[in-house]
Amino acid sequence: SMGDALLSLYVTVTATGWGSIMDKYQDAQSLWFPPLFFVLVVVFGNLFLLKLLLAVIWESFNDLNESEKARVSALRQQALQKRRERLEARKAEFARQKAM
């Protein structure tokens, strides 16, 4: 059934107890095909899971990186605004001293 097939693939990809499932397939099929099939499923299934995990980590890192960029940009804008205010204050003080 479909449920048994999916369970077999899950057990095989997670590499927990797939030897007993392979033995059952060897008893039902030929001796050379099931080991080849299961080794390929384990290797490619684990590569797929590894890529999936790395993609999740990469996206999380990019999200953090984007929020950090936004925070740094806001801090730069605040610093720039403070510099402008200080410059305007110095210009006004210079104009007052010149008028005296």
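The values are calculated or read from the model by the stated rules, or taken from the named source; none is laboratory data. Keep in mind that this is a model prediction, so the values were computed, not measured. Positions of Cβ are generated from backbone atoms using ideal geometry, with glycine treated the same way; all protein chains shown enter the neighbour counts. The area values use the complete protein model at the heavy-atom level, side chains included, leaving out ligands, DNA and RNA. Shrake-Rupley method; radii C 1.70, N 1.55, O 1.52, S 1.80 Å.
List of remarks:
- Looking across 3, 45, one residue alone is touching a residue at least 24 places away in the same chain (Cβ under 8 Å) and of a type in the set (Gly, Ala, Ser). It is 45.
- When restricted to residues that are open to solvent by 80 Å² or more (accessible area, probe 1.4 Å), among the hydrophobic types (A, V, I, L, M, F, W, C) and assigned to a loop (DSSP other than H, G, I, E, B), the range 1-41 contains 2.
- Test result for residue 69, over 28 Å from the mean Cα position of the chain (by Cα), assigned to a helix (DSSP H, G or I) and either loosely packed, with under 10 Cβ neighbours inside 10 Å or modelled with pLDDT under 90 (or both): no
- Unmet criterion (only one of (1) closer than 30 Å to residue 15 by Cα; (2) free of Cβ contacts under 8 Å to residues at least 24 places away in the same chain; (3) over 22 Å from the mean Cα position of the chain (by Cα)) for residue 77: (1)
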